[in-house]
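Input: a single structure, listed below in structure tokens.
The values are calculated or read from the model by the stated rules, or taken from the named source; none is laboratory data. Only a predicted model underlies this, so the values are computations on that prediction, with no experimental measurement involved. Heads up, the Cβs are rebuilt from the backbone with ideal geometry, glycines too, and the neighbour counts pull from every protein chain shown.
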């Protein structure tokens, strides 16, 4: 698979994602404090799949910004160039 195909493919769950889900499940089984502790665990430790999705979305946003600047029409007014 080429680099461009690898970048365009959506992230998939891996072993780290399974480990995170398993850890959250084990924590949630603790009587009385399990549910709040599991939510705190998810808040403190970002799931790997969610982190990869955020990185991918940020990369897409950066490429869109670069493309927007490259294709933005410009108008010449006197000596100044105005970009819309």
Go through segment 33-67 and report how many residues are outside any helix (DSSP H, G or I) and over 12 Å from the mean Cα position of the chain (by Cα). 2
Please verify whether residue 30 is part of a helix (DSSP H, G or I) and modelled with pLDDT under 90, treating the condition exactly as stated. no
In segment 15-29, how many residues are within 11 Å of residue 45 (Cβ to Cβ) and surrounded by 14 or more Cβ atoms within 10 Å (Cβ to Cβ)? 4
